[in-house]
Amino acid sequence: MRDLMTTFARRIVRQLRRDERGAIGVLVAVLLGAGVLTGMGALVVDVGELYQVRAAQQDAADAAALGVAKSCVLGWCDPSVAAHYADANASGLTGGSVGVSLVCGSGAGLTSCPTSAAAATDCPPPAGINFVDVYTSTKTASGATLLPPVFARTLLGNSGYQGTDVVACAQAVWGAPAAATAAALTISACEWDQATLEGTSFAPPSPYPPDPVPDPSFDQVLQLNAGTGGGCAGEPAGADEPGTFSWIAHPRGNCTTFVSPPTVLGRTQTMPSNSCQRLLQSAQQNQTPLLVPIYVSAAAGSPPTYTLKGFADFVVTGYNLPATFIALDWLNPANNCQGTTYCLNGFFTHGVSPYTGSLGGTGLGVSVIELTG
């Protein structure tokens, strides 16, 4: 037998010297005959499906964690939304289904998470911050909890192998932003206090519909360079100086800028830049909130400097920035400004900011959500 294999090997080497393509054909034929390539191909198919399902499981867990975290931000954690978001991101190999095996965390309405086993698929709880963990597992259209093999069980002779349970975990955290990319305008803390009854009353979040249009009483009129500098109850002197709203420094062509408290530079111009006009127009027409810094004091100068309290969500309903940039108030027409008064109309809402930012700031009604595990 050994002599036979030696003779066969020598023939292959001679064939390689003459024609590489022919030698490859001989090798493939031998390997196919021995079942090696077939087995390897079957293994590749099974492993490929396993990785595809695992990636989809992670996507499903991520989406579910973000969905539950959003419900927490809006008032009460709703674990039942996890299944909807998970199935929407499921793999076609499992029939568009994902099993949600556990939803836990620190938010109101969530159960406490079990002690982490330090497994690769675990999400260890963070310290001192709101979080939700969502664990997903295999769930096929038939209700089975294992991803069945396509070929490997038969070809490898392992009749006892029934499939693999694919699991994943995602963790989302939320809280007030400590720093964030925000719109390039800042609003007085006195105006925020008055409009929200010091953080106890917010207009319902957009979109409208499905959420109801806020009561017109929420609508505020903010004026540029109208402050007296006297401050207000609960805020330091200067919290409404030099105006109830002001523009802040921002890059050319972009009316959003990264803001990191405690201070931010203002702009001396009274008219908004072209990029800020576009931002205001879009926000007013689409009724979408802008993440804005809230200031508690201002130092006059060129440019002025604002000391910030935190970030809030502000929905623009109208503006009068004479003489050509004007939009009528869609919520409360009685608040329309006229003439040469520089006005910005709108209201504060409670919700989730689409902007990215770091957590740990003062809560003014808006939160950012991040995936951390």
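Take the Cβ-Cβ distance between THR324 and GLN52 as r, set R0 to 56 Å, and report the resulting FRET efficiency rounded to the nearest 0.05. About 0.55, to the nearest 0.05.
Considering Cα pairs under 8 angstrom that are at least six residues apart, work out the relative contact order of region 220-373 and quote it in whole percent.
Numbers: 317 pairs, mean separation 31.1, N = 154.
About 20 percent, as a whole number.
Placing a pseudo-label 7 Å from each Cα along the Cα-to-Cβ vector at TYR208 and LEU74 gives an inter-label distance of 1.6 nm.
Working note: Karplus 6.51/-1.76/1.60 with θ = phi - 60° gives region 78-84 the couplings 10, x, 5, 6, 4, 4, 4 Hz, where Gly and Pro are set to x.
With θ taken as phi - 60° and the Karplus curve 6.51 cos²θ - 1.76 cosθ + 1.60 applied, the whole-hertz 3J(HN,Hα) list for region 328-333 is 5, 5, 7, 9, 9, x Hz, x standing for glycine and proline.
Each peptide in 235-242, 74-81, 98-105 gets a packing score, the mean of other Cβ atoms within 10 Å over its residues, and the list from highest to lowest is 98-105, 235-242, 74-81.
Bear in mind these aren't lab numbers, they're just calculated from the coordinates by the rules spelled out. The structure presented is a predicted model; accordingly, all values stated were derived computationally and were not measured. Using ideal geometry, Cβ is built from the backbone for each residue, glycine included, and neighbour counts are taken over all protein chains shown.
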